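The values are calculated or read from the model by the stated rules, or taken from the named source; none is laboratory data. A quick note: this is a predicted structure, and the numbers were derived from the prediction, not measured. Here the Cβ is made from the backbone with ideal geometry for all residues, glycine too, and neighbour counts use every protein chain on show. What goes into the accessible areas is simple: the full protein's heavy atoms, side chains included, and nothing from ligands, DNA or RNA. Shrake-Rupley method; radii C 1.70, N 1.55, O 1.52, S 1.80 Å.
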Amino acid sequence: MRVLDVAAVSAWSAACVHSLAVLRPSIDGINVYPVADSDTGSNLLFTMTAARDALAEAEPETTAEALAVFAKGAVAAAKGNSGVIMSQVVRGIAESAAARELDGPGLAEALGCADRAATGAVSRPVAGTILTVLHTVAAAVRDAKGSLEEVAAEAASVAAEALEETPKQLPVLAVAGVVDAGARGLVAVLDALHGVISGGLTEPEHPLEAHHHHTIDAPTAWEVMYLLDGVDESSLPGLRKTLSGLGDSVTVAGDGAGAYAVHVHCADIGAALEAGIELGRPRRVRVEPLITPTPVEVGGGIDRSVVAVVHGGPLAELLRAEGVAVLSVPPGASPTVEEMLGLINEAAGHHVTVLPGGQRLTAAADAAAGHAMAADRDVVVIPCVSPVQVLAALAVHDKDRRTNDDVVAMAEAAAATRRGELRIAQEESLTWVGRAQAGDVVGLVDGEVVLIEPAPASETSLVAAAVGVLNRMLALGGELVTVLTGVDAPVRLPGELADQLRLEHPEVEVTSYAGGQTDAVLLMGVE
């Protein structure tokens, strides 16, 4: 059975450089910040050329040694976000080769290792990029039992297909009319691997089919890169967190021998360097200007986007189904600056309206809207205290309306939505309507406790409490009741509540959705 040997690794390194050299001008034309470096093709070519040269100077005796040298050279020379990620692809394959031969199943396992290594190096993986394509490839070949050539062929084919999907997964790519630049480089690298194994490749197999976008404006941010030595591995999460507070596209990638390639897109060069100096010894520092976000001509396509940041997976899926880009944050957590910048900068259009589903989420959105890395976007945050206000705002959103008028309409709808909640008391507390014991059902209207149903909570008591809360809210009028169920809500609760409301308030329309919140059994909105 054929396996990847030292000669094949050497030939692959040369084929990668050849393919990337041929494609460099086309890949460099795909400059869509924030998901691409200013010169992705050049950065990939520089990285892989240095890795090839390092391998050429060594005399490895085994496949594992050859790949280890190749990977170390790539990490040391990694240029740009794409170069860092590609170095981790090679590193993952090298680490897998140290444990087993790279036959067909071995290559499949190595691609899975490459997927984990590359994803682990990135602080905030983004859908529609090189990481998405790599993950698709790894999943496709995970259980492959074929020959080395068959697995390599499938990996290259799946990568090319996944590449064509990237504009559908990331709005800025769709607006610019391009595929992801780094992912295009990955296709070239996998094509080269298949060509070496099959013995038939002389030129890149999959052509680049993408239109390049408009003239590039002056840079407003910087790409900071350096190698970091002498750092304690336990301090790396803190470094990633610090860099994530400065900007986006954060990667901290190891070479397996104690050195780390650090990369960040930010507006404060000094702070990015100081973060490394505090932990180790930065060297080979490189700073390059970043391009601005893709300009959009008036009348030429998408000029604005509405995005949301919420707690609860089911709620996030509900919003995505409505075509809204969503950042789903774990219960009780706040999004990082990098996560919020990613949500804003990856949205299509110059104007971005942010709908945050809570007070802490609103504060995080406000902080990101004023960040230097979002300076080229016109960002408006509509304050929402509850997810039901997010739904109310989206209900009146009209993409054909003038931007300012649409923002005003959404803001007014959110502010006019009265909000109610049902919670289970976790401990004894004193409220305006009496003392609540642990386990009691507590009803709130606009944040104030209005009723208490004694424990234990049951479907009957929850329905009674919900109706009691809604009666207070509907006393001031209302035509639509929206209910979001939490993870602890009984399955039949929404239906029983709707039935009861039809009896008491036949004039009111009731809609229920799974919200997935953990802090409340029910969230209710009245419009």
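Tabulated data
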| item | result |
| --- | --- |
| Under 20 Å from the Thr460 label point (7 Å along Cα→beta-carbon), backbone N, segment 477-492 | 489-492 |
| Helix 63-77 axis, angle to the chain major axis (alpha carbon atoms, nearest 10°) | 70 |
| J(HN,Hα) series, segment 507-519, from Karplus relation 6.51 cos²θ - 1.76 cosθ + 1.60, nearest Hz, glycine and proline x | 7, 9, 8, 10, 10, 10, 9, 7, x, x, 6, 9, 8 |
| Accessible area in the full protein assembly, largest first, 1.4 Å probe, for His265, His135, His505 | His135, His505, His265 |
| Beta bridge orientation in segment 449-527: antiparallel %, DSSP, nearest 5 | 45 |
| Translational diffusion coefficient (Stokes-Einstein; Kirkwood radius from C-alpha pairs) of segment 388-527 at 25 °C, 0.890 mPa s, in µm²/s | 157 |
| Gained length - Asp5 relative to Ala416, 0.36 nm times residue gap less alpha-carbon distance | 141.2 nm |
| Cα-based shape type of segment 358-436, given that a ≥ b ≥ c are square roots of the gyration tensor eigenvalues and the cut on a/c is 1.5 | oblate |
| Positive minus negative residues near Leu170 (Lys, Arg vs Asp, Glu; Cβ under 9 Å) | -1 |
| Distance between modelled label sites at Glu428 and Asp488, nm, 7 Å Cα→Cβ extension | 1.9 |
| Crossing angle, helix 40-57 versus the chain [Cα axis fit, 0-90 degrees, rounded to tens] | 40 |
| Distance between modelled label sites at Lys168 and Ala99, nm, 7 Å Cα→Cβ extension | 3.3 |
| Segment 496-501 - phi-based ³J(HN,Hα) in whole Hz, Karplus 6.51/-1.76/1.60, Gly and Pro as x | 5, 5, 4, 4, 5, 5 |
| Under 16 Å from Lys168, Cα to Cα: aspartates and glutamates that are on another chain or at least 8 residues apart | Asp180, Glu209, Glu322, Glu346 |
| Cα→Cβ-extended label distance, 7 Å offset, between Gln359 and Asp378, nm | 3.2 |
| Nearest-ten-degree value, helix 403-416 long axis tilted from longest Cα axis of the chain | 50 |
| 20 Å-binned pair-distance histogram of the chain (Cα, whole percent) | 21, 44, 28, 7, 0 |
| Amide H within-cut-off set for Leu451, under 5 Å, with H built and near neighbours excluded | Gly443 |
| Distant-in-sequence amide H partners of Ser512 (H built 1.01 Å from N, under 5 Å) | Val483 |
| Segment 131-174: C-alpha gyration tensor shape, a/c 1.5 cut-off, then a/b vs b/c | prolate |
| Order by protection proxy (mean Cβ within 10 Å, highest first), peptides 86-95, 99-108 | 86-95, 99-108 |
| Val287/Ser147 FRET efficiency (R0 56 Å; Cβ-Cβ; nearest 0.05) | 0.75 |
| Tensor-based shape of segment 8-157 (alpha-carbon gyration tensor, a/c under 1.5 rounded, otherwise prolate or oblate) | oblate |
| For segment 416-430 and segment 315-340, distance of Cα centres in Å | 23 |
| Segment 408-482: equivalent-ellipsoid semi-axes (sqrt of 5 x gyration tensor eigenvalues, Cα, Å) | 26, 13, 10 |
